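Q: Take this structure, written in structure tokens, and hold onto it; I'll ask about it next.
The values are calculated or read from the model by the stated rules, or taken from the named source; none is laboratory data. Computed from a predicted model, the values in this text were never measured in an experiment. Cβ placement follows ideal geometry from the backbone for every residue including glycine, while neighbour counts extend to all protein chains displayed. Ligands, DNA and RNA are stripped out before the accessible areas are found, and what is left, the full protein with its side chains, is counted by its heavy atoms. Shrake-Rupley method; radii C 1.70, N 1.55, O 1.52, S 1.80 Å.
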Amino acid sequence: TADASARSRLLRDVRTAVARSRAGWADAQARERAGDLLGAARVCDSLGARPAALRLRLQAASDDATRLAVRRDLVDYIRENSGTPKATEAIQVLDGAFSALGPYEELIVARSASRSGPPARAVRGYERARAGTVLSPGDYYDFGMALTRVGRWRDAAVQLDRAPVADCAQGPRGVP
């Protein structure tokens, strides 16, 4: 039902633990279907589903400023959760909503995708990022490894040659 109070009454009658654990998801889905995108986003946020919440906020955005704010939130989320399944989900939301990202945004996406996939997205991100930002030795290494995963062996060799082994072994990547 689209009626929030009716949903609340219905959900109060749910008794089993498994069904109760899904109540929030059912509420978010019902709100989205009823067109209450911001309400669904709030529920998703409360459930820890930040990428889904940001997707809903993008759908609800009525102006460019709001879309850009959500874009920044998505990029920040990817950076903070780099290499995780949640970051991969956020990358899908970002790619579905924006056809072009800036070089720094592409670098953040590439760094995450190089760890959690898909490797083709990591390659695309590094290719786009290097046009407008400086890659670290660790980035060249990750770029080269992503290229091997997509079978671009010659291109991988070029990138791996740019990544001195001593620099790559020093730990986390620095942000340019």
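Q: Where only protein heavy atoms count, and the probe is 1.4 Å, what is the accessible area per residue for segment 32-176 in Å²?
A: About 51 Å² of surface per residue is accessible.
Q: Can you list the chymotrypsin sites (Phe, Trp or Tyr not before Pro) in segment 102-146 that are in a DSSP coil and have 13 or fewer other beta carbons within 10 angstrom?
A: Within segment 102-146, no chymotrypsin sites (Phe, Trp or Tyr not before Pro) qualify (loop, at most 13 other Cβ atoms within 10 Å).
Q: Arg149: net charge of surrounding residues, Cβ under 14 Å, Lys/Arg +1, Asp/Glu -1, itself excluded? Write down the numbers at each step before the final one.
A: Working: positive: Arg115, Arg121, Arg124, Arg152; negative: Asp142, Asp155.
For residues surrounding Arg149, the net value is +2.
Q: Among [x] 11.0; [y] 14.2; [z] 12.3, only one was calculated for this model; which label is it, if the read-out is mean projected area of the Cα convex hull in nm²?
A: Of the listed options [x] 11.0; [y] 14.2; [z] 12.3, [z] comes from this structure.
Q: If you take the charge dipole of segment 1-61 about its Cα centre, with +1 on Lys and Arg Cβ and -1 on Asp and Glu Cβ, which of Ala41, Ala28, Thr16 is farthest toward its positive end?
A: The residue sitting farthest along the positive end of the dipole is Thr16.
Q: If you don't mind, another one. If you average the sequence gap of Cα pairs under 8 Å that are 6 or more apart and divide by the length of the chain, what percent do you get for the contact order?
A: 12 percent
Q: Continuing with the same structure: Tell me, what % of the accessible area of segment 44-169 is carbon and sulfur with a 1.4 angstrom probe? Write out the running numbers ahead of the final one.
A: Working: 3200 of 6110 Å².
About 52 percent, which is the carbon plus sulfur part of the accessible surface.
Q: Still on this structure, please answer the following. Taking the Cα centre of segment 1-114 as origin, work out the dipole magnitude from +1 charges on Lys and Arg Cβ and -1 charges on Asp and Glu Cβ, in debye rounded to 20.
A: 540 debye
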